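In what follows, a single structure is set out as structure tokens and then discussed.
The values are calculated or read from the model by the stated rules, or taken from the named source; none is laboratory data. Just so it is clear, the model here is predicted, and its values are computed rather than measured. Cβ placement follows ideal geometry from the backbone for every residue including glycine, while neighbour counts extend to all protein chains displayed.
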Amino acid sequence: VTQVQQAARSKVDLYRIQRHGSERTHTSLLAADLGADAALTAGYVDLGGQLIRNDVDIKLAAPGARTEVFGLFLAGPGQHIDNHVLYAQIC
């Protein structure tokens, strides 16, 4: 679990790379609340694992808040990667 509380006009760049064997399970959660004019960039690289689940929950809590989420996901035979992304603009 990664929790991010961004103040006004802050910038966060977060990158994650994982390479698990074909028998591993990996779950992750990124929960972020962005203040006014805050910017969050999140990049994911998943290179395997039996079951990989990424949950991303971003709240744009004030005017001017923005985010960019991107990734590269490579699964082989018998592997599964899924991503659940939820954006909420609260302001």
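I'm trying to understand the selection: among the residues of segment 81-91, which are among the hydroxyl-bearing types (Ser, Thr, Tyr) and buried (at least 18 other Cβ atoms within 10 Å of the Cβ)?
none
For (1) of a type outside the set (Val, Ile, Thr); (2) out of contact with any strand residue (DSSP E or B) (no Cβ under 8 Å at 6 or more places or on another chain); (3) at pLDDT 95 or above, each residue gets a yes or a no:
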position: Thr2; (1), (2), (3): no, no, yes
position: His20; (1), (2), (3): yes, no, no
position: Leu34; (1), (2), (3): yes, no, yes
position: Ala38; (1), (2), (3): yes, no, yes
position: Leu47; (1), (2), (3): yes, no, no
position: Ile58; (1), (2), (3): no, no, yes
position: Ala65; (1), (2), (3): yes, no, yes
position: Gln79; (1), (2), (3): yes, no, no
position: Ile90; (1), (2), (3): no, no, no
